[in-house]
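Worksheet: one structure, shown below.
Derivation of every value follows stated rules applied to the coordinates shown; laboratory data play no part. The model shown is predicted, which means the values in this text are computed figures rather than measured ones. Please note: Cβ atoms are built from the backbone with ideal geometry, for glycine as well, and neighbour counts cover all protein chains shown.
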Amino acid sequence: MKRISPLILICLMSLNSCEMLFSGNSNSSSSSSAESTTSSSLASTEEDSSSNSSSEASSSTSSSSSSKETGWKLSWSDEFTSASLNTNVWESMTGNGDAYGISGWGNNEAEYYQSSNSSIRDGNLVITGKKESVGSYSYTSSRLRTKGKVTATYGKIEARIALPAVQGLWPAFWMLPESNYENQGWPHSGEIDIMEAKGRLTNQTSGALHYSNDSNQHTYDSATNVFKLTDYTTISSYHNYGIIWNEEGITWYCDDNQFLTVSSSTWHTNAYSTNDASPFNQPFHILLNMAIGGNFDNGVMPPDEFTSAEMLVDYVRIYDWIS
């Protein structure tokens, strides 16, 4: 019988407590152009404004004091305030997965991904699933990733998202590794599902971690986040979905509710040859998509009257822990 990790028990405390637990070094990187860098700088402007507006002497004192503070510091974000999607950050993955060697996107999905199904509107990234015919496909949607452009190894990765409460839709906010670990693909290299939802279950989302077990076969840990009836909210409202990740473990949260923690001693099985926190000690990139049908909800499809639905993303942010 497995012992319950002390890490899991500790993370049943408040989110702030868990942030202190995960106060290890974090590392995020962006290889995007000046446009992305500007976006990140703008996101940090508010934090720096007080010291910039002070006198020289006060500014010096403030800077000295600030350098001693610990906590989460924004290292990168996309606030989706530009007129169009920043292609220096986001790559649109198109088609049915064949071009990427994963037919049906590995999940028997029913949509055909198109770049035209993603747009920027009113400060949101909008991913639209539609009932429309493309070749032999009856649905279209969009799938975006930051591979080779923005990555993170440890930190707090968060997005504020409103989801469509429609049967047969499968929106997701997740992460995949930049490269194959130990020259092996999925699941050995890992997958972090920060948020997934089944559109017909309007009061819950879930998170999961995929990796290899001792026999080098696929295994995963997952848990469900359920919104309280007294909160009068559903997946259609905006919620903050994120993870707190370092070499000791990963904790999933929605708003102030922590609902899953997986320690590195759990995911680092005998399938991995190194004595470290692999495979979740490597750079991972971010994905946002909305699948239609697929294995996640056992092939459930949208109702006949379905025409379109939107996944709205207010922002995506990466924070580093400053100790």
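For this structure, a couple of remarks:
- Sorting 189, 82 from the fewest to the most surrounding beta carbons within 10 angstrom yields 82, 189.
- Using a Förster distance of 30 Å, the FRET efficiency for residue 122-residue 305 (Cβ separation, nearest 0.05): 0.70
- Span from the the stretch 252-320 Cα centroid across to the the stretch 143-171 one, whole angstrom: 8 Å
- Take the Cα of residue 98, go 7 Å toward its beta carbon, and the backbone nitrogen atoms of the stretch 117-144 under 15 Å from that spot belong to 134-138.
- Cα gyration tensor, the stretch 167-305 - rounded (a/c under 1.5), prolate or oblate: prolate
- Candidate aspartates and glutamates - alpha carbon under 17 Å from residue 149, same-chain residues fewer than 8 apart omitted: 35, 78, 79, 91, 178
- Highest to lowest packing among 304-310, 205-211, 253-259, 85-91, scored as the average C-beta count within 10 Å: 205-211, 85-91, 253-259, 304-310
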